[in-house]
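None of the figures in this text is laboratory data; all of them are computed from the coordinates on show. On a predicted model such as this, the values are computed, not experimentally measured, just so you know. Virtual Cβ from ideal backbone geometry, glycine too; neighbours counted across all protein chains shown.
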Amino acid sequence: MTSIVRNQWYVAAYGREVGRELFSRTICGESILFWRTEAGEVTAMSDRCVHRRFPLSQAPSHLVGDTVVCGYHGFTYGADGGCVAVPGQTRVPRTARLKTYPVFEQDSFVWVFIGDAEKAEATAIPRAPWLAQDGWTTVSGMEPLAARASLLVDNLMDLSHETYLHGGYIGTPEVANTPITTEVDDAAGVVYVSRHMADAECPPFYAKSTGITGRITRWQDIEFTPPCLYKLHSRIAPVGVLPDDDGTDPDAFHVEVVYAITPETESTTHDFWAVARDFALDDEGVSDFLRESNRTVVLQDVVALDVLEKVLTGEPDGYQELSINIDTGGLAARRIIARLAAEGTGEAAPAAPPARTPAGVRSPAAATR
Amino acid sequence: MTSIVRNQWYVAAYGREVGRELFSRTICGESILFWRTEAGEVTAMSDRCVHRRFPLSQAPSHLVGDTVVCGYHGFTYGADGGCVAVPGQTRVPRTARLKTYPVFEQDSFVWVFIGDAEKAEATAIPRAPWLAQDGWTTVSGMEPLAARASLLVDNLMDLSHETYLHGGYIGTPEVANTPITTEVDDAAGVVYVSRHMADAECPPFYAKSTGITGRITRWQDIEFTPPCLYKLHSRIAPVGVLPDDDGTDPDAFHVEVVYAITPETESTTHDFWAVARDFALDDEGVSDFLRESNRTVVLQDVVALDVLEKVLTGEPDGYQELSINIDTGGLAARRIIARLAAEGTGEAAPAAPPARTPAGVRSPAAATR
Amino acid sequence: MTSIVRNQWYVAAYGREVGRELFSRTICGESILFWRTEAGEVTAMSDRCVHRRFPLSQAPSHLVGDTVVCGYHGFTYGADGGCVAVPGQTRVPRTARLKTYPVFEQDSFVWVFIGDAEKAEATAIPRAPWLAQDGWTTVSGMEPLAARASLLVDNLMDLSHETYLHGGYIGTPEVANTPITTEVDDAAGVVYVSRHMADAECPPFYAKSTGITGRITRWQDIEFTPPCLYKLHSRIAPVGVLPDDDGTDPDAFHVEVVYAITPETESTTHDFWAVARDFALDDEGVSDFLRESNRTVVLQDVVALDVLEKVLTGEPDGYQELSINIDTGGLAARRIIARLAAEGTGEAAPAAPPARTPAGVRSPAAATR
C-alpha cells in the first residue's frame, strides 16, 4: 500500500529554480516539467512526449518562445500542454496533448497539485508567510533524501534528537530532558508539539546569530500540517524575558524554521528547508552563518535517515517499534497521514495507533511499503 | 513475454574481434565463448564449464592449441565442445560436453544462430556485401546500448529524428519535413521506408566527405530485415542529378549505412554500425571523419535510448503511445518481430497494430517486458 | 529456502577487532554490535535501537563507560542489553531491551551463536588451537566475499583448483593429478579429504618459507566441520621423509591453514583465513611472506567466487552440474550442511546426493536460493 497522500498540494520547487530553462522534478512518482512563459507564469506538465515518451527536459529538447520542442522527433507543445506541430505532416492529431498540473506560487515556493485536478481549487495550500514578507530575512535550500517521507516526519516531530544528532549546532541537554505537550486538531488536520525551556543553555546556532551570551528562555512550538508543511516557531530570549501582556514580544528573537516535505518516490524525498528571522535583517554574516549551520544540520539528518531507509528495506516486515512520550506528536502525524493517504486512494484507513501511546508500548512500525 | 526472436542468426562480433584470445559475448541472454582454431575457424560454445559453471573466458582460463583449459579446475575442451581432460582421473565422463552454436563468417561479421540448431541451415542470413567488397571502403564499430533492441529498431526506422537529435551531423530540416513511403513485404519479412528529398541542405556528414558545396538531392532508402539487419541505402548528388536510364549512377555518391541489432539481454543491446562508401576509397582522412562522425551520431542515440529504457522500466504498464505517419515503418517492423518472437516460442502472436496506423491513434506501447 | 545453518556458533571477528570502539558485523543476516566492557569482556547485541531502529554502531552513537548511547535520541543500554535511560522522561519502559547473543572467545576468534540462544551451551565450538598456542606462529586476515558461503565450501573442499587458479603460489601439477581419499563421519559431522603426494614439486609458498630447495613429500589432510570451520593440515618434508614410528615428526614442516566460513547474508560471506606454522617462529620475513602470499591466494579465490555468484544469480534454475571424483568431499559437505540447515528451520532435509557420486553423473546444482 502506498504511503503517499494524493489530492494534495506539494512544494515542487522554489520560485527561483524555475525560469526559461526546462526544469524537471519528480513529485510523488510523476515526472513533471516546469518552465516559465515569456510573461513569467510557471507552467507544469508531464515530462514525457506523447509520441515515444522522450523526456522533454532532456537535451536537445528546448524552449522556443512559449513552446517546448521535443529533442527526439520535434513534437512541439504550448504552455497549455497542447501539441502544435509534429514532423512529416501538417495535421496535428487532436489527441496530442500533455497532462498539465495546477500550479501556484506562494511564500517563495512553487506548489503543484498531485491527484485529481478538479479537487485542486477546493484544497487549501498551507502558508509560511515569513519566507516572503517584509520584516523577515530568509535563507533556504533543498537536500535530496534517499529515505521515505515518513522518516523525515518522525525526525522533525521529535526534536529530542537535536541533543544527540545535532549537538554543537542546535542541541543542548535541555531539549532532550524537557517534556513536551502535544495537541492534535483533527478537524483542521494540524499537530502541535510544544517544548518550553525556561532556563537553558544557548546553542551556537542561536548564540552566534542573536549575540546572546548567557542562558536563555527557549520555546519550540511545532505546527505541522500533514503531509507537506512543517513549521517550527522558535523563540529565544534572555532567561526570564517573556512576551508583554499585550502579546507583543519586542525583547525576544524569533526564528521560523520551515520544512516542506515532498515525496519524490515511495522511498525518496525532497527536503526543502528555510530559516526566517526577525532580527539582523540586513546582516549578510548572520545570513551566511544560519544558511551554513542549518544546511549542516539538515545534512546530519540526511545521513541518519538514509541509513534508516536502508535498515527498513533490509529488514523483515512485522518489526515492532517502541514508542515513548516524546513520540506522541509523531504518532499523531502518522495517523493523519495514513487517513489522508487512504482518502486519496479510496481505501479505508488502517487501524491507527491512539494519539497518545502509553510509554513503552510497542506498536507495529509505520511506513513500511 | 520475451520480445527476443529465437531460431535466428544474429551478428555476434566482427571477424576481427575473434582470434587466439578467448572472447565472450552474451547474445540473447546466452553467454557464448568465441575463439579461432589454429586453422582459423571461428568456434562458438557455452561460456560455462560443465563442472562448476566457471566462465571459460575468465582468467586464468586459456587456450592450449585447439583446446580450452578452464581456469578453475582444469577441465579441458576441444573445438567441438567435447571434454578431453579432467583433474584427478584419467576417465573423462561421456556427458562432459559444452553446448556449441552454429557460426558463419560473412560480410565482415561473425554470425551465430540462437535457438534450435537444427533450424540453422534452413534459415537465411541476411547480406550486407559492401562491408567486405572491392570498390567499397568501410568504417565500423559497436556501441553497447543499455536499452532493449526494440528502442533501436524504432529509432532507425524513423529518421525524422535526425533533424532534432542529430542536428549538425546528419539532420537538416528537410528530413523531418519530407513525407515517407513505406512498403512491407510480409512474405520475405522485409520493411522498406523511403524518403526522397529533391532539393535539400547538405549536412556536414556528407558535405565534408563528398566535397559537395551546394544543395543536394538526397535519397534515404531503408531496407530492414527484422529482427537483426538494417540497411540504409543513402544516395547524395548535386541538386537535380538523377541515375542514368540504364540504371547506372556515375555522378552520385553512395553510402551504405548498416546496423546489426543484436539483443544482449531483454533490456540491453549490441549496436553494431558500419558505413560503406563507393568514393574516396583510399582517403584515410575521409575514413577518419566518417568513423568519428558516425560514432558521435550513434552515441547521441545511445544517450537518448538509454534514457528511454529507464523511462520504460520506471513507468506503469498500460502506457499509450501516440503514433503518426512517420511511424508506419517502425510499427510494421514491430509487427513482424512480434510474429517472429511468437513463432520462436510456439506462442500465438499478439494482436498486432495495422501496418499503417491512422495519424493520431494511440496504441498500446510495444516492447514492454 | 535458506541455505544458512542456524543454531550454530560462527566466527564473528578476531578478538583483536573488538575493543572500546563500537564494532558492527552482519552475521547470517543479523546486524550485531560488538564491544568490550571496561573489564575486557566481549558483548554482542542487536545493532538496532529499540526506539526507531537507528544502528547503534552509527556515529554519533558512542560508548560511555559500560553503556551504549544511541546517536539519534539518546536511548542508553547496558552490557546486558537492558535500556537504562530514555529522553524526556525518567521512567524507562520495562520492555526496552536489546536482543543479546551468546559470545565466546577461543583460538583468537570471537564466536557468536546464531539461532535459539538456549541451544548455545550444548552446541560444541570447533577448535583451531594452533592459532593461539605456544610453539606456533600465525598470520591471519579476513576478506569479504560477494558470494554465497557454499561456493567457498566447494572451493576449499576440492584443492585440485590450486593447480589452475593458484599456479605460481600453492599449485603444482601433482595437486590436480593425485587422487584423493574421502571419509565422512556423519555422527560427528566431519568430512575428511586427503591427498598424499610422495614426490612433488615444491611450490613457492612452501619453498620460500621452509627453505627446502628440492622436491617434496606433500600431504594435504582436510578436516571440515560444516558449516563453519575448515582446517587443512599441511605437511611438507624432503622427498621420502616420513614421520617416526612413535608418531613424532621432527624433520617435517607443519602448516595449519584454517578458514572460518561465516555467512554475512544469503549471498555474501566473511572469509576468515589463518596460516599457523611450527617453524621459523620468530622470523618476521617468513610471516610477512606467508601473510602476503596467502592473502593473494584468497583474493584469487574471491575474484573467481564473486564471478560464480554472478553466474548463479544470472542463470535460470534447474541447471545441472557435472561432478567427478574430486568432488566427493564437497558433495558430502553439502549434504551435511543441507541437513543442518533443515534441522535449524524444522524442515525436512532435501533429498541429498549420495556421499560418493559416480564420475560423470550430472546432479542438480546446489546452493541456489
Using the Cα centre of chain A as origin and beta-carbon charges of +1 (Lys, Arg) and -1 (Asp, Glu), tell me which of A:Ala333, A:Ala237, A:Thr67 is placed farthest towards the positive end of the dipole.
A:Thr67
Positive-end residue, chain A charge dipole about Cα centroid, Cβ charges, pick of A:Met45, A:Gly189, A:His270:
A:Met45
Quick check: net charge around B:Phe253, other residues with Cβ under 13 Å of its Cβ, Lys/Arg +1 and Asp/Glu -1?
-1
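Averaged over all directions, how much area does the convex hull of the C-alpha atoms of the range B:28-76 cover when projected, in nm²?
Details: hull surface 13.8 nm².
Reported value for the Cα convex hull: 3.5 nm².
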Which distance in nm do the two modelled labels at B:Thr265 and B:Val303 give, with both placed 7 Å along the Cα-to-Cβ direction?
2.5
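Please work out the FRET efficiency for the pair A:His196 and C:Ala39, using the Cβ-Cβ distance as r and a Förster radius of 51 Å; give the result to the nearest 0.05. Intermediate values should be presented prior to the final figure.
Values: r = 43 Å, r/R0 = 0.84.
Efficiency for this residue pair is about 0.75.
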Take the alpha carbon atoms of the range C:57-74, find their center, do the same for the range C:182-253, and report the distance between the two centers in whole angstrom.
48
Run the simple label-point estimate for B:Ala132 and C:Glu105 please: 7 Å along Cα→C-beta, distance reported in nm.
7.0
Axis carrying C to B; for chain C the Cβ-nearest residue and its rounded Å distance come to C:Thr313, 11
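What size of dipole, in debye to the nearest 20, comes out for the protein assembly as shown about its Cα centre when the only charges are +1 on Lys and Arg C-beta atoms and -1 on Asp and Glu C-beta atoms?
Working: 93 positive and 150 negative charges, 386 e Å.
In debye, rounded to 20, the protein assembly as shown gives about 1860.
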Among C:Tyr259, C:Val92, C:Gln8, whose Cα projects farthest towards the positive end of the dipole of chain C, with charges put on the beta-carbon of Lys, Arg (+1) and Asp, Glu (-1)?
C:Val92
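What does the charge dipole of the range A:7-74 about its Cα centre add up to, to the nearest 20 debye, if the Cβ of each Lys and Arg holds +1 and the Cβ of each Asp and Glu holds -1? Working shown, then result.
On the way: 7 positive and 7 negative charges, 42 e Å.
Here the range A:7-74 has a charge dipole of around 200 debye.
For a distance above 55 Å, tell me the whole-number percent of Cα pairs in the protein assembly as shown that qualify. Numbers along the way, then the final one.
Details: 221690 of 612171 pairs.
Considering the protein assembly as shown, 36 percent of its Cα-Cα pairs are separated by more than 55 Å.
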Per q in 0.07 1/Å, what log10 I(q)/I(0) does a Debye calculation on the alpha-carbon atoms of chain B return?
-0.35
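From Cα pairs below 8 angstrom and at least 6 apart in sequence, can you work out the relative contact order of the range A:1-100, rounded to a whole percent? Please report the intermediate quantities before stating the final value.
Values: 172 pairs, mean separation 17.3, N = 100.
Value for the range A:1-100: 17 percent.
Would you calculate, for chain C, the mean residue ellipticity at 222 nm contributed by helices, counting each DSSP H stretch of 4 or more residues as -39,500 (n - 2.57) and dividing by all residues, to the nearest 500?
-6500 deg cm²/dmol
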Here the correct list, in nm and shortest first, of distances from A:Ala59 to the same site in the other copies, label points 7 Å along Cα→Cβ, is 3.7, 3.7
Compute the separation of the alpha-carbon centres of the range A:89-150 and the range C:311-331 and state it in Å as a whole number.
56
Measuring from the lowest to the highest alpha carbon on each principal axis, how far does the range C:159-225 reach, largest first, in angstroms?
42, 22, 18
In which sequence would A:Arg235, C:Arg148 go, from the one with the fewest C-beta neighbours within 10 Å to the one with the most?
A:Arg235, C:Arg148
Using a label point 7 Å beyond Cα on the Cα-Cβ vector, give me the inter-copy distances for A:Pro144 in nanometres, one decimal, shortest first.
2.3, 2.3
Where does each of A:Ser194, C:Ser160, C:Ser57 land when they are ranked from fewest to most other beta-carbon atoms within 10 angstrom?
A:Ser194, C:Ser57, C:Ser160
Which value does Rg/Rh take for the range B:283-332 over its C-alpha atoms, Rh per Kirkwood?
1.20
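Rounded to whole Å and sorted largest first, what semi-axes of the equivalent ellipsoid does the C-alpha gyration tensor of the range A:8-51 yield via the square root of 5 times each eigenvalue? Don't skip to the end; give the middle numbers.
Details: eigenvalues 57, 42, 14 Å².
After diagonalising the Cα gyration tensor, the semi-axes are 17, 14, 8 Å.
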For the range B:48-190, with equal point scatterers placed on the C-alpha atoms only and solvent neglected, what are the log10 I(q)/I(0) values from the Debye formula at q = 0.14 1/Å, to two decimals?
-0.97
Please go through the residue pairs C:Lys99/C:Lys310; A:Lys231/A:Lys310; A:Lys208/A:Lys231 and name each one whose alpha carbons sit more than 25 Å apart in this structure.
C:Lys99/C:Lys310; A:Lys231/A:Lys310
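Can you give the local net charge around A:Leu299? Use residues other than it whose beta-carbon is closer than 12 angstrom to its beta-carbon, Lys and Arg +1, Asp and Glu -1. Working shown, then result.
Details: positive: A:Arg295; negative: A:Glu143, A:Asp271, A:Glu292, A:Asp301, A:Asp306.
Taking every other residue near A:Leu299 into account, the sum is -4.
When the convex hull of the C-alpha atoms of the range A:209-354 is computed, what volume per residue in Å³ does it have? All intermediate terms of the calculation are to be shown ahead of the outcome.
On the way: hull volume 26.0 nm³, N = 146.
In the range A:209-354, the Cα convex hull volume per residue is 178 Å³.
If you wrap a convex hull around the Cα atoms of the range B:119-271, how much volume per residue is inside, in Å³? Could you put the intermediate results ahead of the total?
Details: hull volume 23.0 nm³, N = 153.
Taking the convex hull of the Cα positions in the range B:119-271, it is 151 Å³ per residue.
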Residues whose modelled amide H sits under 5 Å from the amide H of C:Ala85, counting only those 5 or more places away in sequence or on another chain, are C:Thr76
Shortest first and in nm with one decimal, please list how far the A:Asp221 label point sits from its counterparts in the other copies (point 7 Å along Cα→Cβ).
8.2, 8.2
Computed Rg/Rh for the range A:225-292 (Cα atoms; Rh = Kirkwood radius) stands at 1.10
Dividing the mean separation of Cα pairs under 8 Å (6+ apart) by the residue count of chain C yields a relative contact order in percent of 17
Which order do A:Cys49, A:Cys228 fall in if you start with the one that has the fewest other Cβ atoms within 10 Å?
A:Cys228, A:Cys49
Where in the range C:33-60 does the label zone of C:Thr2 land, with the point 7 angstrom along Cα→C-beta and an amide N cut-off under 18 Å?
C:33, C:45-48
For the range C:216-337, give the magnitude of the charge dipole about the Cα centre (Cβ charges: +1 Lys/Arg, -1 Asp/Glu; no others), in debye to the nearest 20.
320
Under Stokes-Einstein, the range C:1-84 at 10 °C and 1.306 mPa s, with its Kirkwood radius over C-alpha pairs, diffuses with a coefficient in µm²/s of 119
